[in-house]
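Values in this text are rule-based calculations from the coordinates and carry no lab data. This structure is a prediction, so every number in the text was calculated from the model and none was measured. Don't worry about glycine lacking a Cβ; one is built from the backbone with ideal geometry, like all the others, and counts go over all protein chains shown.
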């Protein structure tokens, strides 16, 4: 079975502060990893994704995430947050083979 | 490409009534997914279609739930004899079929959701 954990349920930051949201997953095989963002009143939007290759991936709006296989982690980072980054952030996993569903974490409200 | 659309955006119903939601995927996306999201949780997978074939159903999808995608384009999700526990946001997503290395074809794009409230 696959699972995703987001330990920070609610994060409060001042503008210009640096952001790091944790995401850990559990799955025995190779995975695709995603961060989705949901701005107030809007639908889930893809922020960035990791499939293979360079473990540091860059997404929209200055966000990046690093896949650390040994730690089963895919943390989201941004050097300097803005008020417009207020949103809920979801980490999600999809196995490379045999399973097409996304498994989401419970989300982090920023 | 206008994105995934869902209708209605909000539905309020009384317990015991039947409801039906519609999802229109991104044009030419041959995979379509349904998820359910309750307050404070991430979306949970319900079912997905490849073209008109329903290929996987979650155990969350009780006998009161049925989904169809008759012509491989739009899909409907019906809930019969609604219960208060069915209150949630029902999300639809779509993607293309592709090999496991194909990033774009393995990325799901979500619609705005239908918020169901069962009184």
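In whole percent, what relative contact order does chain A give with Cα contacts below 8 Å and a gap of six or more residues?
In percent, rounded to a whole number, it is 37.
Whole Å is fine, so just give me how far the alpha carbon centre of the range A:21-67 lies from that of the range B:40-119.
21
What is the order of B:47, A:30, A:106, fewest Cβ neighbours within 10 Å to most?
Sorted ascending by nearby Cβ count, the order is A:30, A:106, B:47.
Roughly how many nanometres apart are two label points built 7 Å out from the Cα toward the Cβ at residue B:27 and residue A:56?
That separation, rounded to one decimal, is 4.0 nm.
Which residue fluctuates most in the GNM of chain B (Cα springs below 10 Å): B:62, B:87, B:27?
Comparing B:62, B:87, B:27 in a Gaussian network model of chain B, the most mobile one is B:62.
At what distance in nm do the modelled label points of residue A:84 and residue B:54 sit from each other, each positioned 7 Å from its Cα along Cα→Cβ?
Label at residue A:84, label at residue B:54, 4.2 nm between them.
Ranked by Cβ crowding within 10 angstrom, fewest neighbours first, how are B:36, B:59, B:9 ordered?
B:59, B:9, B:36
By counting other Cβ atoms within 10 Å of each Cβ, how are B:23, A:91 ranked from fewest to most?
Going from least to most buried by this count: B:23, A:91.
Which residue fluctuates the most in chain A, going by a Gaussian network model with Cα springs under 10 Å, if the choices are A:21, A:13, A:48?
Taking springs between Cα atoms under 10 Å, the residue moving most is A:13.
Need one number: nm distance between label points at residue A:5 and residue B:117, each 7 Å from Cα along Cα→Cβ, rounded to one decimal.
Those two pseudo-labels are separated by 3.6 nm.
Let me know the shape class of the range A:31-110, please: from the alpha-carbon gyration tensor, a ≥ b ≥ c as square roots of the eigenvalues, rounded when a/c is under 1.5, otherwise prolate if a/b is greater than b/c, or oblate. Mind dumping the intermediate values first?
Details: a/c = 2.13, a/b = 1.37, b/c = 1.55.
It is oblate, given that a/c is not under 1.5 and a/b is not larger than b/c.
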